[in-house]
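One structure is given here, and the rest of the page talks about it.
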Amino acid sequence: MTNANPYPVRVEAELDPGLSRWLWLVKWLLAIPHYLVLSVLWLAFGVLTVVAFFAILVTGRYPRGIFDFNVGVLRWTWRVHYYAYAGLGTDRYPPFTLAEVPDYPAHLDVDYPVRLSRGLVLVKWWLLAIPHYIVVGLFAGGGLWFLWWPGDSDDTTWAGGGLIGILVLVAGFVLLFTGSYPRPVYDFVLGMDRWVVRVAAYAGLMTDEYPPFRLDLGGGEPSRQPEGPLPAPRSGATSARPGGWTPGRITAVVVGAVLALVAMGPITGGVAMLWADRSQRDADGFLTASGTFDTGTYALATEAARFAGAPEWVGAALGDVRVRAASTDPSEALFVGIAPSDEAARYLAGTEYATVRDVDDDGSAAMTVHSGGAPATPPATAGIWTAQSSGTGTRTVRTPVDVGDWTVVVLNADRGRGVSVRAEAGATVPALPWVGGGALVLGVLLLGAGGLLIGRAAHLAAEHPRGSKPPTGEPARAPHG
């Protein structure tokens, strides 16, 4: 195994002598502060990996500042997992830093790639890595902490299941009763951990070298046996760069990543609103939704549209509301009316009617049926309607939006049982382009602010102090100032 070709992702660890028999039972609790910090760091990792993807696609280079940050996140995660339930190999509490800590018993480093393939970046993280994802799934179970994999869980630990979790649990119980960690189990677990981290770095675009299908056992890399701590940090180590990732720069990247993700909401919403404004209005300028409603009751009503307590400008922003309805039986006369919700409720009291709760994309409706009998009075004579229309064919009611709660009621004009209609509701919403444009501008500003924070922090972290030499393979840059 000592003759194996070294891989540019190096994962090493030392098994602490004299491990506590019981401490592993509460490490899940002790590690919570790290898990909270890592959940935020991994959010930033995901955003920065997307940035690196486009940088590699355009320039063939992984931005050095981003590379050091992402290596630091991997390094921090590896220390926490080695302390906790992907290793249990040390009782020393992990340091809160992205930098390499030479005297800590867990180490991770990645060689900085001078050039990366522009074409390979399009397929290596998903298509080419699929065989490894299957293997890692067996090792780690459902919690692939490095993949940002969409699913029902946001867990970022590989110790929640799979062979690693099972063997670490076995080792924990052996440690509890015997006071010693079984060395063969340790070597096998470290080999699986190493495999997972190699795939993590490959999927994170940090290397073009395909991870070997090789289980390198034990705490030391194959080219570094016997086991021992990782020597002084090299090109990919954060501490080797005097500028480095200071707490302030890490905070800036995290805040920038959060701003960038938050920006996606208003950007997406703004684009959707502008698209709807330009392409989804009918000839009269209404934005509409329609459906077919069929109930065996005497009346059909909507849930209250609530504008109570809203300022008057809300009505101006929403414009006019229009409801159209036609019976599925062309000979059946309909009554359609809009009334204040409390007045409509009083009119329908004691009447068997259905309230429309929701309309699916296919136009079908979910309704709640209220028990009762036929309406006591003809709807046209109730005197409660803000707008009303009755007769055969398509009936249309239109009214400006006003402050208050409003309900639409549809009945057969003869108050007969069984209402079956094709209905359409719409509003002019004259403020839609302004709201959509404002949301889009807000999103772009948030995205720009996030990008500036990330870019500035990455630039400062990648800078070399005046008069220093850049790491091997990286071109020199003119000092600032």
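Model label points for F54 and W434, set 7 angstrom from Cα along the Cα-to-Cβ axis, are 3.2 nm apart. With a Förster radius of 51 Å, plug the Cβ-Cβ distance of L30 and D342 into 1/(1 + (r/R0)^6) and report the FRET value to the nearest 0.05. The pair L30/D342 has a calculated efficiency of 0.30. Per-residue 3J(HN,Hα) values for the stretch 284-298, derived from phi via the Karplus relation 6.51 cos²θ - 1.76 cosθ + 1.60 with θ = phi - 60°, read 8, x, 9, 8, 10, 9, 9, x, 10, 10, 9, 9, x, 8, 7 Hz in sequence order (x marks Gly and Pro). Per residue, the stretch 10-109 exposes an accessible area of 32 Å² to a 1.4 Å probe, with every protein chain left in place.
Quote the FRET efficiency, to the nearest 0.05, computed for S20 versus T178 with a Förster distance R0 of 22 Å and r equal to the Cβ-Cβ distance.
The computed FRET efficiency comes out at 0.95.
Think of a 1.4 Å ball rolled over the protein heavy atoms: the stretch 322-434 then has 48 Å² of accessible area per residue.
FRET efficiency for T292 and T381, Cβ-Cβ distance as r, R0 = 30 Å, nearest 0.05? It comes out at approximately 0.55. When peptides 244-255, 26-37, 78-89, 11-22 are sorted by average Cβ neighbour count within 10 Å, with the highest value leading, the order is 78-89, 244-255, 11-22, 26-37. When you count the other C-beta atoms within 10 angstrom of each residue and take the mean per peptide, 322-333, 409-420 line up highest first as 409-420, 322-333. Atom-type composition of the exposed protein surface of the stretch 329-459 places 58 percent of the accessible area on carbon and sulfur (1.4 angstrom probe). Remark: the L122-R422 segment gains 103.2 nm on full extension, using 0.36 nm per residue and subtracting the alpha carbon distance. Using 13 Å as the cut-off for backbone N distance, which residues of the stretch 180-220 belong to the label zone defined by a point 7 Å from the Cα of D91 along Cα→Cβ? From the stretch 180-220, the list is 180-181. Summarising the label geometry, the points placed 7 Å from Cα in the beta-carbon direction at V135 and V441 lie 5.4 nm from one another.
The values are calculated or read from the model by the stated rules, or taken from the named source; none is laboratory data. Treat the numbers as computed from the prediction; the structure is a model and nothing was measured. Note that we place each Cβ from the backbone using ideal geometry, even for glycine, and neighbour counts take in every protein chain shown. Quick note on the areas: whole protein, heavy atoms, side chains included, nothing else; ligands and nucleic acids left out. Shrake-Rupley method; radii C 1.70, N 1.55, O 1.52, S 1.80 Å.
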